[in-house]
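Scroll down for the structure; my scribbles are underneath it.
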Amino acid sequence: YQRRVRGSGRASGSSNKKVPMSKLVLLALLALAVVFVTRVEARTEPADLAALKAFRDSFQVFKPNWPLETIDPCDNLPLYKFTITCLPPTQPHFPLRVGKISLDCYGLRGTLPSVLRNFTALRILDLGNNYLSGNVSESIFPARLQYINLFNNSFEGPVPTFSNLTDLLEVYLAKNKFSGRIPAVFGQNFSLRVLSLNSNNLTGTVPPTLGSYRNLTQLFLANNTLNGTISTSLGNLSSLVILSLWKNGLTGGIPTQLGGLSKTSISLLGQKSVDRKYSFTTWSTS
């Protein structure tokens with residue numbers, strides 16, 4: 001019996017010599033370090049995570065499944081794949097920032113929450129085809145936003161100018177209840193590429209200042225109650241591909257300046273008061 005115990009002791013001691021305890025501890029620490037570093041790289045910026053929770057809780061109806069208390073949205077799990085997108089880290093191991101919120105056709109009800117301004121890295125906001133309503137405040141949009149889609153909701157009041165946005169590229173506000181005149185300027189620069197204001201309750205004339213947006217490729221102003229003539233300044237839009245003005249109260253003819261736009265299609269369906277020599281549904285200058 002004593003020999004068996006000693007033999008067991010020798011066997012145990014031999015095993016310890018093969019894998020010293022210090023090495024086991026070191027391996028365990030390394031494994032924990034890898035897990036910790038990986039987790040830090042994948043985690044959402046705390047301010048963005050707090051903003052996402054407040055954004056989710058602000059709506060009367062919010063159908064997407066956002067279990068933000070238990071699952072990190074910047075882990076790129078299938079649960080968040082089509083609704084939240086995070087930007088790459090600016091430096092290794094830095095928290096990730098929310099760059100896109102896409103909730104098109106999710107049955108959202110309520111108004112636009114002021115917490116939107118807290119998404120300071122947000123580039124794309126897509127809330128089209130929902131049941132959102134109320135006025136759209138100028139101050140709730142983060143300054144770096146580039147793409148705004150509020151299409152087919154029930155927003156009302158004046159058209160927002162997004163005066164605090166520095167990199168605005170595309171604005172979709174069609175099929176709402178916006179009223180009043182079209183703003184002369186959108187954003188802080190003239191980089192706008194798409195402006196869609198179809199099917200609202202807009203009045204007044206087409207602002208000649210829109211001719212300063214040389215990067216504009218699509219301009220949709222149809223199905224409003226605009227009046228006056230088509231501004232000759234629109235002939236400056238050398239990148240324009242689509243100009244939609246149908247179903248308004250515009251008068252006069254198509255300015256000759258627009259004839260120099262080699263790629264533009266102009267839709268004037270329903271413009272009964274436009275010069276009869278341009279009595280067509282769609283005119284292409286190409």
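The values are calculated or read from the model by the stated rules, or taken from the named source; none is laboratory data. Please read these numbers as outputs of a predicted model, since none were measured by experiment. Don't worry about glycine lacking a Cβ; one is built from the backbone with ideal geometry, like all the others, and counts go over all protein chains shown. Just so you know, the surface numbers come from the protein's heavy atoms only, side chains and all, with ligands and any DNA or RNA stripped out. Shrake-Rupley method; radii C 1.70, N 1.55, O 1.52, S 1.80 Å.
Round to the nearest 0.05 the FRET efficiency obtained for Gln257 and Asn201 when R0 = 25 Å and r is the Cβ-Cβ distance.
0.30
Using a Förster radius of 35 Å, what is the FRET efficiency between Asn189 and Lys81 based on their Cβ-Cβ separation? Nearest 0.05, please.
0.60
Over the range 125-236, the hull volume per residue, using the convex hull of the C-alpha atoms, is 83 Å³.
Taken per residue, the accessible surface of the range 52-99 reaches 59 Å², heavy atoms only and a 1.4 Å probe. The share of alpha-carbon pairs in the range 47-162 lying farther apart than 23 Å comes to 25%.
Couplings 3J(HN,Hα) of the range 140-156, computed from phi: 8, 8, x, 5, 9, 4, 10, 10, 10, 10, 10, 4, 6, 10, 10, 5, 9 Hz, in residue order, whole Hz [Karplus 6.51 cos²θ - 1.76 cosθ + 1.60, θ = phi - 60°; x for Gly and Pro].
What the Cα atoms of the range 63-115 give is an Rg and a Dmax of 12.6, 39 Å.
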